[in-house]
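*Asks:* Before I ask anything, here is the structure I am working with.
The values are calculated or read from the model by the stated rules, or taken from the named source; none is laboratory data. In this text the structure is predicted, and so the values were computed from the model without any measurement. We place every Cβ from the backbone using ideal geometry, glycine too, and count neighbours over all the protein chains shown.
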Amino acid sequence: MDMKTRIAELTRALLGETWPEAQDLPAAEEIRGLLAVPPNPEMGDYAFPCFRLAKALRMAPPKIAQALAEKWSATEAARAEAVNGYLNFFLNRVNFARETLEAVGASAGRWGAGEDGVGKTVCLDYSSINIAKRFHIGHLSTTVIGNSLKRIYDYLGYRTVGINHLGDWGTQFGKMICAYKRWGDKETVEKGGVDEMTRLYVRFGVEAKKDPSLEDEGRAWFKKIEDGDEEALEIFRWFKDVTLKDAMRVYDILGVQFDSYAGESFYNDKMEPVIDELRAKGLLTQSEGAWVVDLTEDKMPPCLILKKDGATLYATRDLAAAKYRQDTYHFDKCLYVVAYQQDLHFRQVFRVLEKMGYPWAKDCVHVAFGMVSLGGEALSTRDGVIVYLDELLNQAIDKARAIIEEKSPNLENKDEIARQIGVGAVVYTTLSNNRIKDIDYPCTKEAYTDDDGTPRTKYTIDWEKALNFDGETGPYVQYTHARCSSLLRKAEALSFPAPDYSGLSDDEAQALLRLIGRFPDVIREAAEKYEPSMITRAVTDIAQAYNKFYYEHRILDGEPAEAAARVELTRATRDVIKAGLSLIGIDAPERM
């Protein structure tokens, strides 16, 4: 049992003993939720506001706090002081150290894991790359936020379904087939992959300006896809396979996996029943030739379902997708990790689902994130303001490899550790701030000329800051884990008696223990708020607190029983950092 829960249960027991006749007293779980961490450690480790009890006890909060403080004087868990209607708890430092470290040790490396979500399902729609386009930095936020949330919910016992809602529908695929049939061949595309498909698509645009009839030819090929033409479908599916093969290299590097790759095309035959249902329920109205769901009463523009020519739109497919996911997975929550520019779209889709009478519409959530830019410029594939993700990851890995060669030339397994550090730096940078905050990557720009004579600009991200081993960076947290691992390897060669936890009564050890003790609450809050950056912040704080403890106290020296306690604190720190890094999708090297 963690100390916060113990304080809550003791407080509830003391309330019942002191006022046995009182009604409407909060349960221990509610008391636990009301316990706050004071802004200054001198004010206590936890504080309980007694204002919630005033009505039930018909007493002023300061008097309630004073009465409870006197009762607490007989317990060993903590000392309590009454201050302005608050009950401030000062933990018994020795007991706190022992109970926290014993609880972390008993968790077998899964401190904070739980069964909160047993029997519940969470669907997560994230990454959602486009077919026939390279995986670029604009897809990084959705990919790592979604991956982290999936890991967090898994850790809490939920059944999770990771969905990569591929962008694989539209007339552009007809144009791609047209370009391939005219100027491409299978061997070149297999060898060149997505780059070759992009080259063909660009050529189509150039040639179509000279010969507008190509646009009709491209539309005709897409019509063949829609009609199930075997040749068109075979090429279309092959384009998807080539794209996914290219993307899987990036996903493997990032350690990201999905349970479903059902993209837009998957719902092609599932939209008509949704349209029929909207019509049958009287929700479809005609507007300037198009069919829409009127959302005037919700102060939103109409949700466009069918264009004038009868073509479907993103909203049509998302309605079909939501219904399919509920019918297939019976989700308790369905998260859409998509940039905040799509906020109106999702508000419209979710409201239409509500109007259709689906109570589960309230369980659909748009998990928005901020914009990504390079040196202050908005991303644009057309204008060349882009960094491809595989190049970015390789750049970070190369930089990490150079640092390792400089600082740890004798380190074994340098390539693997460089991968862990480089990828960790990229992921950490993305998840270090609140997800809704815009990210502007500092970069250098270099002009060059493309093979066809087109002037281009190469953008190279500056990783000097992200790969610094000091300060708030991924490598810094990883290095702290490696430091703990090194100390524990040295400790294995020594003989220690049973720990004397009075050796952890100092301020540095207690500050670290408080952070470790609160980590399970951070995980649950991150899940509740869909905010992986809370985990990032927590493991960074733990790393910083441990390093302060490390510099103030010699871990393996001094009185053996107290040294044994410091070793146990080091072990707990290592385990919690490793668990936290894993929750945000970062490896924890044993050596650096």
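*Asks:* Being aromatic (Phe, Trp, Tyr), in a helix (DSSP H, G or I), surrounded by fewer than 22 Cβ atoms within 10 Å (Cβ to Cβ) and more than 24 Å from the chain's Cα centre (by Cα) narrows it down to one residue among TYR550, TYR546, TYR479; which is it?
*Replies:* Among TYR550, TYR546, TYR479, only TYR550 is aromatic (Phe, Trp, Tyr), in a helix (DSSP H, G or I), surrounded by fewer than 22 Cβ atoms within 10 Å (Cβ to Cβ) and more than 24 Å from the chain's Cα centre (by Cα).
*Asks:* Something else: I need a count of the residues in the range 82-106 that are farther than 15 Å from SER502 by Cα, touching a helix residue (DSSP H, G or I) at 6+ places or on another chain (Cβ under 6 Å) and surrounded by fewer than 19 Cβ atoms within 10 Å (Cβ to Cβ).
*Replies:* Looking only at that region, the number is 1.
*Asks:* Related question: For the range 305-417, which fully contained strands (runs of 3 or more DSSP E) count at least 2 residues that are crowded, with 18+ Cβ neighbours inside 10 Å and modelled with pLDDT under 95? So that I can check it myself, show each step before the final result.
*Replies:* Details: elements: 333-337, 364-367, 372-374.
Answer list for the range 305-417: 372-374.
*Asks:* Let me ask something else about it. For the range 185-238, which positions are farther than 30 Å from ASP269 by Cβ, small (Gly, Ala, Ser) and within 36 Å of the chain's Cα centre (by Cα)?
*Replies:* Matches in the range 185-238: GLY192 only.
*Asks:* Given (1) over 28 Å from VAL338 (Cα atoms); (2) part of a helix (DSSP H, G or I), identify the lone condition not met by ILE535.
*Replies:* Only one criterion is unmet by ILE535, namely (1).
*Asks:* Which residue pairs have Cβ atoms under 9 Å apart, sit 6 or more places apart or on different chains, and have a first residue in the range 267-289 that is of a type in the set (D, E, K, R) and a second that is loosely packed, with under 15 Cβ neighbours inside 10 Å and modelled with pLDDT of 95 or more?
*Replies:* LYS281/GLY357
*Asks:* Follow-up. Please state which of the following conditions THR160 fails to meet, knowing it meets all the rest: (1) in contact with a helix residue (DSSP H, G or I) (Cβ under 7 Å, 6 or more places away or on another chain); (2) at pLDDT 95 or above; (3) surrounded by fewer than 20 Cβ atoms within 10 Å (Cβ to Cβ).
*Replies:* (3)
*Asks:* For the range 353-403, name all the residues that are among the basic types (Lys, Arg) and more than 23 Å from PHE135 (Cβ to Cβ).
*Replies:* Residues of the range 353-403 among the basic types (Lys, Arg): 355, 362, 382, 399, 401.
Those that are among the basic types (Lys, Arg) and more than 23 Å from PHE135 (Cβ to Cβ): LYS355, LYS362.
*Asks:* Pick out the one residue from ASP241, ASP259 that is surrounded by fewer than 19 Cβ atoms within 10 Å (Cβ to Cβ), touching a Gly at 6+ places or on another chain (Cβ under 6 Å), of a type in the set (D, E, K, R) and within 30 Å of VAL194 (Cα to Cα).
*Replies:* Numbers: ASP241 fails: touching a Gly at 6+ places or on another chain (Cβ under 6 Å).
That would be ASP259, the only listed residue that is surrounded by fewer than 19 Cβ atoms within 10 Å (Cβ to Cβ), touching a Gly at 6+ places or on another chain (Cβ under 6 Å), of a type in the set (D, E, K, R) and within 30 Å of VAL194 (Cα to Cα).
Conditions (1) of a type in the set (Ser, Thr, Tyr); (2) in contact (Cβ under 8 Å) with a residue 60 or more places away in the chain; (3) touching a Cys at 6+ places or on another chain (Cβ under 6 Å), marked per residue:
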| residue | (1), (2), (3) |
| --- | --- |
| ALA482 | no, yes, no |
| SER486 | yes, yes, no |
| SER505 | yes, yes, no |
| TYR551 | yes, no, no |
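*Asks:* Okay, next question. Just checking, which of ALA77, ALA108 is small (Gly, Ala, Ser) and in contact (Cβ under 8 Å) with a residue 24 or more places away in the chain?
*Replies:* ALA77
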